[in-house]
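Working notes, beginning with the structure itself.
The values are calculated or read from the model by the stated rules, or taken from the named source; none is laboratory data. This structure is a prediction, so every number in the text was calculated from the model and none was measured. Here the Cβ positions follow ideal geometry from the backbone for every residue, glycine too, while neighbour counts run over all protein chains shown. Protein only, heavy atoms only, side chains kept; ligands, DNA and RNA dropped before computing areas. Shrake-Rupley method; radii C 1.70, N 1.55, O 1.52, S 1.80 Å.
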Amino acid sequence: MILGVDVASMLLGGVAAGMVLFIVSVGLSVTMGLMGFVNLAHGGFAMLGGYAIAQAMKLWGLGFVAALVFGFVVTALVSAVLERLLYSRLYRASELDQVLFTIGLVFMMIASVTVLVGPENQPLKLPPFLQGQLNLGITHYRTYSVVLIVVGVVIVSGLWLGFERTRTGAQIRAAVDNRRMAESLGINIGRLFTLTFAFGSGMAALGGGLGAEFLGLDPQYALKYLVYFLIVVAVGGLGRVTGVFYAALLIGVLDFTLKKYMPQGGTAFIYALTILLLLWRPQGLFGAKTA
Amino acid sequence: MTLQAAGWFEHPAAVALARRHRLRAWEPIPWLLAVAFYFVFPKYLGFGTELLITVLFAISLDLVLGYAGIVTLGHAAFFGAGAYTVGILAKRAIWNEPMSGLVMAALVAALIGLGSGLVLLRTQGLTLLMLTLCTMALLEEAANLAHDYTGGFDGLDSLPIAPLLGTFEFNPLYPRTQYLYVLSVLFVCFIVVRTLVYSPFGQSLTGIRENTLRMHAVGAPVRRRLVLCYTLSAAIAGVAGGIWAQANAYVNLGTLGLDRAATVLIILVLGGYGRLYGAFVGAVAYMALSHFLSKFYPTAWQLGLGLLLVVIALFARNGILGIAEAAARRLRPRATP
Amino acid sequence: MTSPLLETRTLCRNFGALAAARDIDFRLEAGARHALIGPNGAGKTTFVNLLTGVVPPTSGAILLKGRDITSVAQAQRVKLGIARTFQINRLFRRLSVLENVYIAVAERVGAAPTMFRPAGTRRDVVEEAMALLETLKLTPDAGRRISELPYGRQRLVELAIALGLKPEILLLDEPAAGVPSAESHIILDAIDSLPREIGVLIIDHDMDLVFRFAERITVLVGGAVFASGTPREIGADANVRAVYLGQAARG
C-alpha cells in the first residue's frame with residue numbers, strides 16, 4: 001500500500017515535470033517542423049520569459065497568474081521582432097549557420113541577464129493558493145504538481161483543438177507536412193512562421209515561469225536543459241504536438257523515477273534510450289516518415 | 001584522335017586540377033612561426049602547448065565538418081576517449097610510454113568513432129546533431145559512473161608519463177618537451193590530413209558535402225565514405241586528447257564536455273572551416289582573446305562571443321580566412337581570358 | 001524470349017493519398033530509343049526516381065536484365081549500369097566543369113577511394129573526362145566553376161556526367177530543358193551518337209525532339225500508362241491528342 005502511494009506520488013512528480021518540459025518544448029517542435037530551423041536558443045526564450053515573470057512579480061508586485069501572462073506576451077513580442085529581423089535571414093542557410101547563430105544568440109541572452117540581474121538563482125514565489133498539499137482521498141499530493149498537470153492537459157487539449165479545428169492550425173499542419181505545396185496553395189508561410197515562432201517562444205516563457213519551482217531559474221537555464229528540450233522534440237517528432245506531449249511525459253517520468261532509484265545512471269539511461277529510439281525511428285515516435 | 005588525347009592532360013584546366021595539392025608559398029609560415037614561438041616566448045610555452053593541441057583537435061573537426069559536411073556537437077567524445085585512454089593506462093601503471101600511448105588513444109577513439117559513425121550516420125540533420133550530442137553526453141556520464149577507473153568528477157591527476165624517447169622528461173613547470181612534442185605530432189597529423197583532403201577520397205568527401213544526391217547518382221558509396229572519414233577524424237581527435245592528457249599529466253570530465261565540443265566548433269568556424277589552416281587562425285584568434293578577456297570579464301566575454309557568432313552566421317560564414325580570401329579576390333585583377 | 005534490359009511490373013508509388021505511379025508495366029530493351037511523355041504532373045520524374053532508386057516503390061518490382069533490383073540502393077544501381085540526368089541540374093557548383101566530370105569518371109574506374117595520392121593526377125581519368133567535354137563542346141569552359149556558367153551550359157555538364165558513367169541504361173529527364181535553341185543541337189547530336197547498345201529513355205515535352213529521337217513512345221497520365229507504341233501509332237492516337245489538348249484547354 002505504501003509502495004503504491006510512493007510510486008503514485010513519484011509518478012505525479014514525473015508527470016508534472018513532463019508537463020513543464022512539454023510546455024517549453026512544444027514551441028520548438030512546431031517551429032522546427034514548420035521551418036526546419038534548428039533553434040538552439042529556444043531555452044533562452046524560456047529563461048528570458050522566466051526572468052520577465054520573476055521581475056514582474058518582484059518589482060511591480062504582479063500576481064503569479066498576471067505575471068505569467070505578462071511573461072508570455074513580452075517574450076512573444078521580443079521573439080517576433082528577432083524573428084523578423086534576424087532569424088528570417090537564415091531560413092535558407094545551412095544547418096551549421098543556424099546552429100552557430102542560435103548558440104551565439106543564447107550566449108548573448110545569458111550574458112545580458114547575468115549583467116542586468118545577476119547570476120544567482122531567481123526564486124519565484126508561488127502564491128499561497130498554489131502552495132501546500134491537496135488532500136485527494138488516500139493521501140496528500142503536492143498542490144502545485146496537480147495544478148501543473150491540469151494546466152498541461154488544458155494546454156495540450158487547447159493546442160490540439162487549435163491545430164485540428166482552426167484554419168491557421170490547418171495551415172500550419174499543411175506547411176509542416178509539405179511546405180512547398182502549402183506555399184503553392186497560397187498560404188503565407190512567412191506570416192505563419194512569425195506567428196508560430198512568437199507563440200512558441202511565449203509558451204517557452206510560460207514553461208520557464210511555471211517550471212521554476214522544479215527546474216530553478218538562473219541564466220544557465222538556457223543551456224542547462226537544452227539537451228532535454230531537444231531530446232523531447234526529436235523523440236516526439238517534429239511538428240507533432242501530441243508527439244511532444246507523450247515524449248515529454250516519458251522523459252519527465254523517466255528522469256524523475258531514475259533520479260530516485262538510480263541516481264547514478266539515470267541521465268545516462270535517458271541518453272542511451274534516446275539514441276536507441278532515434279535509431280529505430282529517426283523521425284521520432286510520432287513524426288512523419290520521410291521517403 | 002590520339003594526338004588530341006595526348007594534349008588533354010596539358011589543358012590548363014587539367015593542369016590546375018593536378019596542381020591543386022602542391023605546396024603553396026605561404027604554407028610553411030605557420031610552422032616557422034610555431035618554431036619561432038619556442039625561442040621567442042619561452043615563458044608562454046604552456047599556453048603554446050595548449051594552443052597547438054587545440055589546433056590539432058580543430059583540424060580533426062575540420063575533416064568531418066569542413067570537408068564531409070557533418071555537423072557535430074559531440075566531437076569531444078573522441079578527444080575525451082583519447083585522453084582517458086592515456087590517463088587510465090598511465091594511472092593504473094599499465095602503460096605510460098607517450099608515443100605508443102598516443103597510438104592507443106587513437107585506436108580507442110577510432111573504435112568509438114567507427115561504432116558510433118556506423119550507427120549515427122544513417123541519420124542526418126537535427127537527428128544526427130542530437131545523436132552526436134547524446135553519444136558524447138552518454139560517454140561523459142559513463143566516465144562519471146566508472147569513477148573507480150576515471151576518477152569521476154575529480155578526474156585523474158599527476159599522471160606518471162614516461163620521458164619521451166626515454167630521455168626528454170615532461171616537466172610541468174618548464175613545458176619545453178611538451179611543446180616540441182606536440183608540435184611534432186601536430187605536424188605529422190597535419191600532413192596526414194592534408195594528404196587525405198587532396199586525395200580522391202577527400203575529393204569525394206567534398207562532392208558529398210556539396211551535393212550528396214549527385215554523389216549517390218554517380219555510384220559513390222556515400223555512407224561508407226562518411227563513416228571512414230568520421231573514424232579517421234575520431235582517431236585524430238583521440239590523438240589530440242591523448243596528448244592533452246600527457247602534456248597536462250591530467251584528465252577530467254571536461255575533456256568530454258559540451259563546453260569543449262562547442263568551443264572547438266566555434267574556433268573552427270571563426271578561422272574558416274574547409275580550409276585546413278582555418279584551425280590555426282581560429283585557435284590563435286580565439287585563445288588570444290579568451291586568454292585576455294574571459295578571465296577578467298567573463299560575462300563580457302560571453303556577450304562578445306555570442307555577438308561574434310551571430311555576426312559570423314549572418315555575414316561571415318567562412319570565418320577569418322573566408323574574409324581574407326574575399327579581400328584577396330577583390331585585390332587581384334581578374335585572371336580569366 | 002530474353003528478358004528486357006530494364007523492366008517494371010505493376011510498379012506503384014503513393015505519396016499519402018496521391019498515387020504518383022499506378023501499376024506501371026514498362027519494358028526497355030537493349031538499344032532502345034524510348035521516350036516517356038505526358039502532361040505535367042503525370043509522374044514521369046517519379047518514375048525515373050523509382051527506376052534509379054531515389055524513391056522506393058510502394059509495391060511492384062523493378063528488374064534489370066531479369067534480376068530483381070527493387071531494393072537495391074541508388075549508388076549500387078549506378079554500378080549496375082543505370083545512369084540518369086536530373087530535371088534540375090544537380091552539379092557541384094563550386095567545382096570546375098572538369099572536376100565535376102572527373103569525379104564521376106573516377107568513381108566509375110575505382111580511382112575514388114584512394115587516400116594517399118593526390119586527386120586530379122590520373123591521366124586516364126583526365127583524358128576521358130576531357131574527351132567527354134569535347135563531345136559536348138564544353139572544352140573552353142573546362143576550368144570554369146559551374147556557378148559561373150549559364151544554365152544551358154550547365155545542362156550539358158549534367159549530360160557529360162551521365163555519359164562519364166558509361167551506363168548500359170541512360171535515363172534523361174528533360175535533357176534539353178533550359179538549353180537555348182542555338183545550343184540544343186549539341187545535346188541532340190550527343191544523344192544521336194550514343195552507342196547503339198545502350199538503352200535510352202528520354203522524358204521531354206518537346207515533341208519535335210521526341211518524334212525525331214524515339215523509336216518507341218510511352219504516354220503517362222495520372223501516374224498510369226495511358227498508351228504505348230511506335231511514334232506513328234502514338235501520333236495517330238486520338239485519345240493521346242485529347243489528353244494533351246484537354247490539358248491545354250484547362251490551361
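For chain A, the relative contact order works out to 38 percent when only alpha carbon pairs closer than 8 Å and six or more residues apart are counted. Considering only B:LEU196, B:LEU303, B:LEU65, the Gaussian network model of chain B with Cα springs below 10 Å gives its largest mean-square fluctuation to B:LEU303. When B:HIS75, B:HIS291 are compared by accessible area at a 1.4 angstrom probe, the order from most to least is B:HIS291, B:HIS75.
Taking every C-alpha pair closer than 8 Å and separated by at least 6 residues, the mean separation divided by the residue count of chain C gives a relative contact order of 28 percent. Considering only A:GLN220, A:GLN98, A:GLN131, the Gaussian network model of chain A with Cα springs below 10 Å gives its largest mean-square fluctuation to A:GLN131. Could you please state, rounded to a whole Å, how far the C-alpha centre of the range C:201-225 is from the C-alpha centre of the range C:107-153? The range C:201-225 and the range C:107-153 have Cα centres spaced 31 Å from each other.
Peptides B:172-182, C:129-139, A:102-112 ranked from most to least packed, by the mean per-residue count of other Cβ atoms within 10 Å: A:102-112, C:129-139, B:172-182.
Per-atom-type breakdown for chain B gives carbon and sulfur 68% of the accessible area (1.4 Å probe, protein chains only). Normalised size of the range C:58-133, defined as Cα radius of gyration per 2.2 N^0.38 Å with N residues, equals 1.35.
With R₀ fixed at 22 Å, the C-beta to C-beta distance from B:PHE41 to B:SER158 puts the FRET efficiency at about 0.25. Roughly how many whole Å is it from the C-alpha centroid of the range A:89-138 to that of the range A:178-205? With the range A:89-138 and the range A:178-205 each reduced to a Cα centre, they are spaced 23 Å.
When the accessible areas of A alone and B alone are added and the area of the pair subtracted, with a 1.4 Å probe, the result is around 3400 Å², both sides summed. Projecting label points 7 angstrom from Cα along Cα→Cβ for A:SER157 and A:GLU183 puts them 3.9 nm apart. Take the convex hull of the alpha carbons in the range B:75-218; its mean projected area over all directions comes to 10.8 nm².
Surface calculation, 1.4 Å probe, protein heavy atoms: B:CYS189 sits at approximately 20 Å² accessible.
Dividing the summed -39500 (n - 2.57) terms of all DSSP H runs of n ≥ 4 by the residue count of chain A sets its mean residue ellipticity at 222 nm at -24500 deg cm²/dmol. Pick from B:ALA326, B:ALA105, B:ALA162: which is most flexible by mean-square fluctuation in a GNM of chain B where alpha carbon atoms under 10 Å apart are linked? Of B:ALA326, B:ALA105, B:ALA162, the Gaussian network model singles out B:ALA326 as fluctuating most. For chain C, the share of accessible area belonging to carbon and sulfur comes to 54 percent (1.4 Å probe, ligands and nucleic acids excluded).
Membrane-span-like helices in chain C (whole DSSP H runs, Cα extent of at least 15 Å along the helix axis, mean Kyte-Doolittle hydropathy of at least 0.0): C:97-109, C:123-135, C:151-164, C:238-250. Only helical runs count toward this figure. For chain C, summing -39,500 (n - 2.57) over DSSP H runs of n ≥ 4 and dividing by all residues gives -10500 deg cm²/dmol at 222 nm. The alpha carbon convex hull volume per residue for the range A:1-102 rounds to 133 Å³. Using the Karplus relation 6.51 cos²θ - 1.76 cosθ + 1.60 with θ = phi - 60°, the per-residue 3J(HN,Hα) values for the range A:90-101 come to 10, 4, 9, 6, 6, 4, 4, 4, 5, 4, 4, 4 Hz, with x marking Gly and Pro. In a fully extended conformation the segment linking C:LEU80 and C:ARG123 would gain 13.0 nm over its present Cα-Cα distance, using 0.36 nm per residue. According to the square roots a ≥ b ≥ c of the eigenvalues of the Cα gyration tensor, what is the shape class of chain C, taking rounded for a/c under 1.5, prolate for a/b larger than b/c otherwise, and oblate for the remainder? The shape class here is prolate. For C:GLU148 and A:GLN133, a Förster radius of 60 Å and the Cβ-Cβ distance give a FRET efficiency of 0.25, rounded to the nearest 0.05. Rg and Dmax of the range A:118-188, both derived from C-alpha coordinates alone, stand at 20.4, 58 Å.
Per residue, the solvent-accessible area of the protein assembly as shown (1.4 Å probe, heavy atoms of protein chains only, all protein chains present) comes to 43 Å². One compactness figure for the protein assembly as shown is 1.05, namely its Cα radius of gyration divided by 2.2 N^0.38 Å. For the range C:161-176 versus the range B:259-283, the inter-centroid distance based on Cα atoms is 40 Å.
The modelled label-to-label distance for the pair B:TRP26/B:PHE296, using points 7 Å beyond Cα in the direction of Cβ, is 3.0 nm.
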